[in-house]
Structures are given as C-alpha cells and as structure tokens.
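The block underneath contains the structure these notes are about, expressed in structure tokens.
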Amino acid sequence: MSADERIAVVTGANRGIGREVACQLGRRGFSVVLGSRDPIAGERAAADLAGDGLAVRAQRLDVTDTGTVEALAWELADRYGRLDVLINNAAIHYDTWQRASAADLSIVAQAWDTNLMGPWRMCLALLPLLRRGQHRRIVNVSSESGSLASMGAGTPAYSVTKAALNALTRILAAELRTDGILVNAVCPGWVATDMGGPGGRPVADGAASVLWAVDLPDDGPTGGFFRDGQPLPW
C-alpha cells in the first residue's frame, strides 16, 4: 500500500447516494470500502465500479449490528492499518406516512438504531484507525429534514433522528478538533433515489455535496451543517 493511498469507508453504499459517493471517491484515487447490509447487492455494486477501473471492494456491513462493524474495523486494521475518511450514509425510514402524534414507535426505534446509533457505532469502532489516517474526515449524511429551524409536521422518525445526528456531529467535532479530524453533517438535497423518489436532483449532484466535505482543507470548517458547500440552519 502506498503511503499516499487514501482509504475511505462508505456505509449503505450499494445503491443511491452511497454508491455514487463511492464512485466519485474512486475517481479521486481513493481505495473505497463499500459497506452494504445486503452482501450480494454490495458485491454487485463493487464489481460494477471495479469494472470501471476503480479501487472499490465490498464489505458486508449492517450499522445496527456491532459484530459486522467490529469485523470491518479488524479488516481495515489488518489490510491498511488506518482509515482516512468515514462517510456515514446508511439511513432508513423517510416516514411520510406518519405523524408524531400517532407514530408507530417501533418504526421510530428502527430509524434511531440505523440513523443515529449506526453512525455512532461506526465512529466508536473506527476512531482508532482514523487517528492514524491522513487528512481525516467524518462526513455524516444528514438532511434538512433534521433542521429545527424549518422543521414542521410529518416524517417524525426521520426528522428526529437526523436532528440527533446533527447534534452528534457537533459534539464529535468539538471532541476531535485537537486530533485534526474534521466532522461535518451534509445534506445532499432532495435526490432522485429509492428513498427520495422521482423528481429530485441527479444523484451525482447530491454526492458532490457530500464530497465537498471530504475535499475540505485540513484547516477547513468542522462541526458544521452544509449543502453544496453552503451552511444550513440547525
């Protein structure tokens, strides 16, 4: 492994924004670990990207399963000895059919475990490797749905968990500042994916918003909430 090689992990990356982020990282010369809860879908996506000459490989990863998270950490330590970029993209339950006043709390609990606890598990497991990395970044893929400034009725599981992810971003950024690890939350915007549905912006544009936070200089902002490089209100 070259000393200049940069290693990135992207969660929930077998489709949609995650897959496009993995693709764009590969085009920048990263070695990318494509995390996927479905190992068959992950292997298929990684093979497609590798077929285009990109250094992308699949890893079975369920961010709600500590065993798979720890297995990833061991694999990274053994293969690379470090990590440079962690992109917490995996998320579930854009629950347009719910209202907080009549919510199915089992849906909320599932969203909480994936959308908040999943990134938190990933950070805890991979921070030792990130501390050994170069130009170290944690990018939490959030949503303007989690902005308290514009929050209204609906999507309670998704909105509350994304607001909590934003809070975690702020706390981690403050704690990791002295380690030189930049931690930011990024909203990719309304993107035409399986979750977002038709009519949104191209997936490549949403992924570019995420990659902006990866490309920040080492003295760039940390603890922020951005879309397309512009600050969003908390």
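The values are calculated or read from the model by the stated rules, or taken from the named source; none is laboratory data. What you are looking at is a predicted structure, and each value in this text was computed from that prediction instead of being measured. Cβ: placed from backbone, ideal geometry, glycine included. Neighbour counts: every protein chain shown. What goes into the accessible areas is simple: the full protein's heavy atoms, side chains included, and nothing from ligands, DNA or RNA. Shrake-Rupley method; radii C 1.70, N 1.55, O 1.52, S 1.80 Å.
Please go through segment 94-152 and write out the chymotrypsin sites (Phe, Trp or Tyr not before Pro) that DSSP classes as loop and that have at most 13 other C-beta atoms within 10 Å. Kindly include the intermediate steps, with their values, before the conclusion.
Details: sites: TYR94, TRP97, TRP112, TRP120; in loops: TYR94, TRP97.
Answer by residue number: TRP97.
Only Lys, Arg, Asp and Glu count, each charged at its Cβ (+1, +1, -1, -1), so figure out the dipole size of the chain about its Cα centre, rounded to 20 debye.
Dipole about the Cα centre, nearest 20: 180 debye.
Taking the Cα centre of segment 114-234 as origin and charging only Cβ (+1 Lys, Arg; -1 Asp, Glu), how large is the dipole, in debye to the nearest 20?
300
Estimate the FRET efficiency between ARG131 and ARG27 by the formula 1/(1 + (r/R0)^6), using the beta-carbon distance for r and 41 Å for R0, to the nearest 0.05. All intermediate terms of the calculation are to be shown ahead of the outcome.
Numbers: r = 27 Å, r/R0 = 0.65.
Working from the Cβ atoms, E equals 0.95.
Any idea which of GLY220, GLY118, TYR158 is furthest toward the positive side of the dipole for the chain, if Lys and Arg beta-carbons carry +1 and Asp and Glu beta-carbons -1?
GLY220
As a check on your grasp of the helix formula, calculate [θ] at 222 nm for the chain: sum -39500 (n - 2.57) over DSSP H runs of n ≥ 4, divide by the residue count, round to the nearest 500.
-12500 deg cm²/dmol
Rounded to the nearest percent, how much of the accessible area of the chain (1.4 Å probe, protein heavy atoms only) is carbon and sulfur?
The computed percentage sits at 53.
Add +1 for every Lys or Arg and -1 for every Asp or Glu among the other residues with Cβ under 15 Å from the Cβ of LEU148, and state the total. Each step should come with its number before you reach the end.
Values: positive: LYS162, ARG170; negative: GLU144.
Once all neighbours under 15 Å are counted, the net charge is +1.
Can you give the Rg/Rh ratio of the chain, where Rg is from the C-alpha atoms and Rh is the Kirkwood radius?
Reported Rg/Rh (Cα atoms, Kirkwood Rh): 0.94.
Modelling each spin label as a point 7 Å along the Cα-to-Cβ direction, I'd like the ALA71/TRP120 distance in nm, to one decimal.
Each label point is offset 7 Å from its Cα along the Cβ direction, giving 2.4 nm.
Any idea of the accessible area per residue across the chain, 1.4 Å probe, to the nearest Å²?
Dividing the accessible area of the chain by its residue count gives 44 Å².
Just to make sure I understand: if all protein chains stay in place, what is the order of ILE40, ILE107, ILE171, ILE138 by accessible area at 1.4 Å, largest first?
Order by accessible area, largest first: ILE40, ILE171, ILE107, ILE138.
Output the DSSP H helices from the chain with an along-axis C-alpha extent of no less than 27 Å and a mean Kyte-Doolittle hydropathy no less than 1.6.
Qualifying helices: none.
Before anything else, pin down the relative contact order of the chain: Cα pairs under 8 Å, at least 6 apart, normalised by residue count, whole percent.
Relative contact order, the chain: 18 percent.
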